[in-house]
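Here's the structure, in structure tokens; my notes come after.
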Amino acid sequence: MLITFEGIDGCGKTTQIGLLSSYLRENGKEVLTLREPGGTEFSEKIRDLLLHSKDKLTAQSELFLFESARADLVEKIIKPELEKGTIVILDRFYDSTTAYQGYGRQIDLNVVNASNHLASKNLKPDITFFLDIPLELSYQRSNHRKLDKIEKSGDEFFTRVIDGYKKIAGEEPERIVNIDGTKPIGEIFKTIMDKMINLIY
Ligand code: TYD
């Protein structure tokens, strides 16, 4: 089973992934948590280029780097683990590319979708949790942290990303659970568990 978490920085993905993976492990499930971009030696190198290199990247080269990191992770780790029956929990997957490179950087959505399909080998999450928070809260929560390259993209970019995520979630309501990320941690986790119970048991 493939579970993905989406949302802008500071939306609480990491906390919820920690809670969900602990719950599943305590209940005897084999769980692997991964983040994108990253997860293989090659993809971690690309992550470093994407988030920390001093060069200015074009939107297209950014898109291809994210897809390249994804293709490596899907082929080497995600597919084999899913075949073994592991529950794979991913911190970001192709919806991030649609939101950030498609809506955010304004690359043609058909191109982004085709690239996503190619890199993910048509793998589709069984369920996706989108934690929706306003931009101001994202800024507040990352107040004291050093921003990475993408996080420095500005208000207009992030407003497009947030609106993009809402559109993506609206188009696939059967897969994507849209959660108000401003709610307390326990309440969000309850919403996630309500959905998970149906899938697991
Ligand atoms: P990361 O630190 O993993 O995000 P978070 O702070 O949410 O844990 O950094 C990943 C950054 O890359 C994040 O700003 C979102 C961006 N990103 C894209 O622009 N496109 C993508 O396809 C992916 C996977 C991430």
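The values are calculated or read from the model by the stated rules, or taken from the named source; none is laboratory data. Here the structure is a predicted model, which is why all the values come from computation and not from measurement. In this analysis, Cβ positions are derived from the backbone assuming ideal geometry, glycine residues included, and neighbour counts consider all displayed protein chains. SASA here: full protein model, heavy atoms, side chains in, ligands and nucleic acids out. Shrake-Rupley method; radii C 1.70, N 1.55, O 1.52, S 1.80 Å.
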>> Out of the helices (runs of 4 or more DSSP H) lying entirely within the range 1-99, which hold 1 or more residues that are in contact with a Pro (Cβ under 6 Å, 6 or more places away or on another chain)?
In response: 41-52, 59-73
> When you go through 96, 115, 120, 142 one by one, which is the residue that is over 17 Å from the mean Cα position of the chain (by Cα), under 22 Å from residue 48 (Cα atoms) and open to solvent by less than 40 Å² (accessible area, probe 1.4 Å)?
Replying inline: 142
> Which condition breaks for residue 90 when tested against (1) of a type in the set (A, V, I, L, M, F, W, C); (2) under 16 Å from the mean Cα position of the chain (by Cα); (3) open to solvent by less than 20 Å² (accessible area, probe 1.4 Å); (4) more than 10 Å from the ligand (Cβ to nearest atom)?
Replying inline: (4)
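A quick yes/no check of all residues on (1) open to solvent by less than 50 Å² (accessible area, probe 1.4 Å); (2) within 15 Å of residue 101 (Cβ to Cβ); (3) at pLDDT 95 or above; (4) within 14 Å of the ligand (Cβ to nearest atom):
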| residue | (1), (2), (3), (4) |
| --- | --- |
| 13 | yes, no, yes, yes |
| 16 | yes, no, yes, yes |
| 22 | no, no, yes, no |
| 28 | no, no, yes, no |
| 39 | yes, no, yes, yes |
| 56 | no, no, no, no |
| 67 | yes, yes, yes, yes |
| 77 | yes, no, yes, no |
| 82 | yes, no, yes, no |
> What are the residues in the range 99-110 that are more than 9 Å from the ligand (Cβ to nearest atom), in contact (Cβ under 8 Å) with a residue 24 or more places away in the chain and open to solvent by 30 Å² or more (accessible area, probe 1.4 Å), if any?
Replying inline: 103, 106
